[in-house]
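K.L.:
Structure in structure tokens, see below.
The values are calculated or read from the model by the stated rules, or taken from the named source; none is laboratory data. What you see is a predicted model, and the numbers here were worked out from it, not measured in a lab. Note: ideal-geometry Cβ built from the backbone for every residue, glycine included; neighbour counts use all protein chains shown. What goes into the accessible areas is simple: the full protein's heavy atoms, side chains included, and nothing from ligands, DNA or RNA. Shrake-Rupley method; radii C 1.70, N 1.55, O 1.52, S 1.80 Å.
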Amino acid sequence: YPKAELAGVVPFAGQPAYKVVLTAPDGDAQTRYYAKDTLLPVGIQTVARSQMGKLPVEVELSDWREVGGIKYAHKMQRKEGPQTIEVTIDKIEIDPQLDPSTFALPPEIAALPGAKP
């Protein structure tokens, strides 16, 4: 973003937040909110282009927890037009050991001609 502007401290998601307006080279703007006390990102407001035209989008980030020395939001709520999507993360693991069979092709797919593991 070639232009970033601090637009003051405003209430967002029930807390005081720094409001930062970012402007892209094409003129589209995105507003981001950072908690005043922790400086963690708490929200984004923008406009999405879709087949229905332009829709306002608001994302709220919360439930920040430390995992392996890094803080991650464990809850995200996205409002896009009349629709709301909520994502809740129960657990984050850093570099877990995965069983190689997790990525094996199902037998019915492996049996197809030309299937490669």
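K.L.:
Can you tell me what percent of all Cα-Cα pairs in the chain are more than 20 Å apart?
P.N.:
Every Cα pair in the chain considered, those over 20 Å come to 61 percent.
K.L.:
Counting only other residues whose beta carbon sits under 13 Å from that of R49, what net charge do I get with K and R as +1, D and E as -1?
P.N.:
Net charge around R49: -2.
K.L.:
Under a Cβ-only charge scheme (Lys and Arg +1, Asp and Glu -1), can you give me the dipole magnitude of the chain about the Cα centre, in debye to the nearest 20?
P.N.:
In debye, rounded to 20, the chain gives about 380.
K.L.:
Leaving ligands, DNA and RNA out of it, work out the accessible area of E60 with a 1.4 Å probe and give it in Å² to the nearest 10.
P.N.:
Approximately 50 Å² for this residue.
K.L.:
For V67, enumerate residues with amide H under 5 Å from its amide H, sequence gap 5+ or separate chain, H modeled in the peptide plane.
P.N.:
Placed amide hydrogens put Y72 under 5 Å from V67.
K.L.:
With springs connecting C-alpha atoms under 10 Å apart, model the chain as a Gaussian network and identify which of S62, S50, S101 has the largest mean-square fluctuation.
P.N.:
S101
K.L.:
Can I ask one more? Straight-line reach from K54: which lysines have a Cα under 18 Å away, not including same-chain ones fewer than 8 places off?
P.N.:
K79
K.L.:
Related question: Output ³J(HN,Hα) for the range 56-65: one whole-Hz value per residue in order, computed from phi by the Karplus curve 6.51 cos²θ - 1.76 cosθ + 1.60 with θ = phi - 60°, and x for Gly and Pro.
P.N.:
Couplings: x, 10, 10, 10, 10, 10, 8, 6, 6, 9 Hz.
K.L.:
A further question follows. Would you work out the relative contact order for the range 42-94, in percent, from Cα pairs under 8 angstrom that are 6 or more residues apart?
P.N.:
26 percent
K.L.:
Return the single residue from L61, L22, L105 with maximal mean-square fluctuation; model: Gaussian network over the chain, springs between Cα atoms under 10 Å.
P.N.:
Of L61, L22, L105, the Gaussian network model singles out L105 as fluctuating most.
K.L.:
Then there's this: Please work out how much accessible surface V87 shows to a 1.4 Å probe, ignoring ligands, DNA and RNA, in Å² rounded to 10.
P.N.:
60 Å²
K.L.:
Which of P11, P56, P82 moves most in a GNM of the chain, Cα contacts under 10 Å?
P.N.:
P82
K.L.:
Over the chain, what relative contact order in percent results from Cα pairs under 8 Å that are six or more residues apart?
P.N.:
Worked out over the chain, it gives 12 percent.
K.L.:
If you don't mind, there's one more thing I want to ask. Note down the net charge around A7, summing +1 for each Lys or Arg and -1 for each Asp or Glu among other residues with Cβ under 13 Å from its Cβ.
P.N.:
+2
K.L.:
Considering only protein heavy atoms, what per residue accessible area in square angstrom results for the chain with a 1.4 angstrom probe?
P.N.:
Ligands and nucleic acids excluded, the result is 74 Å² per residue.
K.L.:
Treating the beta-carbon of each Lys and Arg as +1 and of each Asp and Glu as -1, no other charges, what is the dipole magnitude of the range 3-42 about its Cα centre, to the nearest 20 debye?
P.N.:
120 debye
K.L.:
Could you check how much of the accessible area of the chain is carbon and sulfur, as a whole percent, using a 1.4 Å probe?
P.N.:
55 percent
K.L.:
Simple spin-label model, 7 Å along Cα-to-Cβ: L39 to E108 in nm?
P.N.:
Label at L39, label at E108, 5.3 nm between them.
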